[in-house]
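What follows is a set of notes on a single structure, which appears directly below.
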Amino acid sequence: MNHLTLLGRQVPLPPNPDAASLERVPNPDPADYVVRFTCPEFTALCPITGQPDFAHIVIDYVPGEWLLESKSLKLFLASFRNHGVFHEACTMLIGRRVVAAIAPRWLRIGGYWFPRGGIPIDVFWQTGEPLPGLFLPPQAVAPHRGLG
């Protein structure tokens with residue numbers, strides 16, 4: 001997992017999340033700090049209808065020994081584009097895969113899903129309490145309001 005295979009190369013989009021790899025690089029700073037990744041145009045498929053579902057994904061984590069390599073995350077997230085999965089399972093899968101790849105000191109993920117059947121579904125998970133004294137900005141993704 002220490003060897004980078006994606007960065008600096010043209011690589012195809014993984015066909016599904018299982019085929020995607022998350023890569024890591026050494027964390028150069030031992031301080032407690034938050035890294036945020038946002039994916040405002042995330043897409044997956046409804047596992048029942050095959051119709052596209054859209055979300056705004058926000059991942060916050062406090063690195064331990066490793067940082068998440070961003071190109072591998074981009075490819076991993078894009079691999080859901082043709083993958084059928086429920087909102088809850090998708091959000092949890094993303095969070096758990098990141099934890100498995102980099103063993104962060106703390107992680108939270110917010111999946112802000114656009115309405116399906118007229119009901120937006122937002123999914124949140126974190127690995128535990130935030131570290132004491134940590135500056136933790138709000139995810140600040142507004143809930144879906146329609147045209148109002």
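Things to note:
- Annotation: Tyr112 fulfils all but one of (1) in contact (Cβ under 8 Å) with a residue 60 or more places away in the chain; (2) closer than 14 Å to Thr43 by Cα; the unmet one is (1).
- Hey, Ala78 assigned to a strand (DSSP E or B), among the small types (Gly, Ala, Ser) and closer than 17 Å to Pro17 by Cβ or not: no
- Under the condition of being touching a Gly at 6+ places or on another chain (Cβ under 9 Å) and outside any helix (DSSP H, G or I), the residues counted in the range 81-110 number 8.
- Complete set of residues in the range 73-122 that are farther than 14 Å from Phe54 by Cβ, touching a Cys at 6+ places or on another chain (Cβ under 9 Å) and charged (D, E, K, R): Lys74
- Applying the condition of being free of Cβ contacts under 8 Å to residues at least 60 places away in the same chain and either buried (at least 16 other Cβ atoms within 10 Å of the Cβ) or among the β-branched types (Val, Ile, Thr) (or both) to the range 22-37 and asking which residue is nearest to Gly84 (Cα to Cα) yields Phe37.
- Qualifying residue in the range 52-74 (condition: in contact (Cβ under 8 Å) with a residue 60 or more places away in the chain, over 13 Å from Ser21 (Cα atoms) and among the aromatic types (Phe, Trp, Tyr)): yes
- The residue that is farthest from Val98 (Cα to Cα), among those in the range 115-148 that are surrounded by 15 or more Cβ atoms within 10 Å (Cβ to Cβ) and modelled with pLDDT of 85 or more, is Pro120.
- Every residue from the range 62-82 that is crowded, with 18+ Cβ neighbours inside 10 Å, of a type outside the set (Gly, Ala, Ser), in contact with a Leu (Cβ under 8 Å, 6 or more places away or on another chain) and farther than 18 Å from Gly110 by Cβ: Glu69, Leu75
The values are calculated or read from the model by the stated rules, or taken from the named source; none is laboratory data. What you see is a predicted model, and the numbers here were worked out from it, not measured in a lab. Methodologically, a virtual Cβ is constructed for each residue, glycine included, from the backbone with ideal geometry; neighbour enumeration extends over all protein chains shown.
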